[in-house]
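The values are calculated or read from the model by the stated rules, or taken from the named source; none is laboratory data. Just so it is clear, the model here is predicted, and its values are computed rather than measured. Every residue, glycine as well, gets a Cβ built from its backbone with ideal geometry; the counts of neighbours run over all protein chains shown.
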Amino acid sequence: MGLIVNNRENLAVRNVGLLLLFRILVLAGGAATAALLPRIMGPELFGRYALLSSLTQWFTFLGGMGIAQVVSRQVPAILQAKDDSGFRSLVGNLMGLRMLTGSLAAAIYLGVTLTWLRDMNAWVVLLLGVALLLRSPVGISFAVFLGQGRIARWALSDVIRQWGSLAFTVPAFLLFGFLGAGIGYLACELAVLALAITGMRAHLPMGAIRIRWRELSPHLRLGLLLYLSELILSATERSGESLLRIMTGSYVLVGHYGVANTIYFNAILALQQIATAFVPMFIALRAQSDFTEMSHWIERLLKWLGLGALLIFLGSVFLSRELVSLLFGPDYRGVEKNLVVLAGALVMHTLCFIGAAQALVFDRPLVLIVAGLVRLAVFWLVGLLLARSQGSFGMCLAMLAGVTCQAVFYVVQTRKVLALPLKRFLLQIALAFPPVSLVLLPVTGIGKVVLCLAALLGYIGLVSAFRLISSRELRTFREVLGNRRRGEAGMP
């Protein structure tokens, strides 16, 4: 038993290390893109681009129907049973259904966008509609990779999309203007599609892609419930730009919110991917009724996700103004306040990651739905109240309020299965206040960077002094990463 736990621990740490590596690449690509795209487009054009891309993301979720979540939830059990025919039946049918719903979502997107945003370039709208259509088979493929434990391939799509923006969208915009931005966006999705096809070719023959309702029906109830929760969350994450456009009519404010929301969304993905990577392990532990071990891992996961989010928050408090000035230029002055507020929302989001993972593992989709409704209702209510007077900053405050209310709901709900270690989490937050107070010192320029480093190191020292991070955890992490560098361990 000890050997199994040790192997599970090493595998989990290797997965986290791999995901962190990929997220570093994504953040580096995002920083490079952010330094170029909003600046060369300007707030007006970037506001248009941010609005269109947010709509494609929203309609991607519209066509999703929770199908990808069903795949990632069911594939581990099927693989454990070595049921190859069951795998082809499940994935083939869900792939066919997802391609059908994706086609309908793309058609609705084109109809809505061309009717509502008549001042947009119709060819750009069409190109992004094609990109939306391509995401249908891509989403299922990467859900399969997650279920198979192929963490490297599963996480690689975000790296391709982020660096693809730099490689395709920026030069295409410089050559062809706003139309070129649409061409570059589509080129990124084609590159991700190529990765999906090569990864699925040996596992799912083309003939297995079909729609047989008798085989699909056992999975549709769970899929539709997960779809509803996903749709609600996507409405929160992707409707801020539209609300600002409706309430203010300003593409500049949309651009300001879009810049901050893009950075926030990338930070969310960095932590969410780590939480999601643990779901197959939690499913296996639940099947073994090993709730003690699962509770142990949940405590660890919340602790490390919270630590990462709080370090990001501290960095934003000290360096957000310098970051915005360096990356985006004077046209985006004021966005630094948005980043600090959204970094605070990220801290509360860590509770939501764990709560959502528990709801998925324990087959409680209604919890996901209600949690999403709480967040959406608060976000829209506060956003509508503040958007006109506070602009993009008001929408960021609305996001913080929505995520906080959702986190409280999850804390209450998880007590019915495995309660979250809330006292440790609150202590982590409390220990961040002394380092934050250093921002009051009258320091500028390079001194601000030194002060930020001092705050980060001071916070890590406080967390260690209160024994929130054990020496064993640090030793295991160093050993596993060392093995990876020497090539003694790897991931598929």
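Going by the conditions given, is LEU226 buried (at least 22 other Cβ atoms within 10 Å of the Cβ), in a helix (DSSP H, G or I), of a type outside the set (Phe, Trp, Tyr) and not assigned by TED's automatic domain parsing to the domain that holds TRP123? When the stated conditions are applied, LEU226 does not pass them. For region 381-410: of the residues being among the β-branched types (Val, Ile, Thr) and in contact with a helix residue (DSSP H, G or I) (Cβ under 6 Å, 6 or more places away or on another chain), which is farthest from GLY315 (Cα to Cα)? Ranking the candidates gives VAL382 first. Search region 90-124 for residues being of a type in the set (S, T, N, Q), part of a helix (DSSP H, G or I) and in contact (Cβ under 8 Å) with a residue 12 or more places away in the chain, and hand back the single one that is farthest from GLN148 (Cα to Cα). Ranking the qualifying residues of region 90-124, first place goes to THR113.
Condition check ((1) aromatic (Phe, Trp, Tyr); (2) crowded, with 22+ Cβ neighbours inside 10 Å) across all residues:
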{"site": "MET99", "(1), (2)": "no, no"}
{"site": "GLY111", "(1), (2)": "no, no"}
{"site": "VAL124", "(1), (2)": "no, yes"}
{"site": "ILE140", "(1), (2)": "no, yes"}
{"site": "TRP163", "(1), (2)": "yes, no"}
{"site": "ALA167", "(1), (2)": "no, no"}
{"site": "VAL170", "(1), (2)": "no, no"}
{"site": "PHE173", "(1), (2)": "yes, yes"}
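Does any residue of region 313-326 turn out to be within 16 Å of LEU269 (Cβ to Cβ), assigned by TED's automatic domain parsing to the domain that holds LEU376 and either surrounded by fewer than 20 Cβ atoms within 10 Å (Cβ to Cβ) or at pLDDT 90 or above (or both)? Give the steps one after another, and end with the answer.
As a first pass, look at region 313-326 and keep what is within 16 Å of LEU269 (Cβ to Cβ): none.
No; the residues of region 313-326 include none that is within 16 Å of LEU269 (Cβ to Cβ), assigned by TED's automatic domain parsing to the domain that holds LEU376 and either surrounded by fewer than 20 Cβ atoms within 10 Å (Cβ to Cβ) or at pLDDT 90 or above (or both).
Filtered by the rule that a residue be of a type in the set (Phe, Trp, Tyr) and either buried (at least 23 other Cβ atoms within 10 Å of the Cβ) or at pLDDT 80 or above (or both), region 27-60 gives PHE46, TYR49, PHE59. Residues that are outside any helix (DSSP H, G or I) and among the aliphatic types (A, V, I, L, M) within region 395-420 comprise VAL417, LEU418, ALA419, LEU420, listed in sequence order. Scanning region 265-280 for residues that are closer than 11 Å to LEU146 by Cα and aliphatic (A, V, I, L, M) returns ALA277, VAL279. Inspect region 286-293 for any residue being of a type in the set (Gly, Ala, Ser) and in the same structural domain as ARG467 (by TED's automatic domain parsing) and give the result as yes or no. Yes: region 286-293 contains one or more residues that are of a type in the set (Gly, Ala, Ser) and in the same structural domain as ARG467 (by TED's automatic domain parsing).
Residues in region 243-261: is at least one within 24 Å of SER53 (Cα to Cα), surrounded by fewer than 19 Cβ atoms within 10 Å (Cβ to Cβ) and in the same structural domain as VAL130 (by TED's automatic domain parsing)? Checked region 243-261: no residue is within 24 Å of SER53 (Cα to Cα), surrounded by fewer than 19 Cβ atoms within 10 Å (Cβ to Cβ) and in the same structural domain as VAL130 (by TED's automatic domain parsing).
Here the helices (runs of 4 or more DSSP H) wholly within region 129-209 that include at least 1 residues being modelled with pLDDT of 85 or more and closer than 21 Å to LEU100 by Cα are 178-200.
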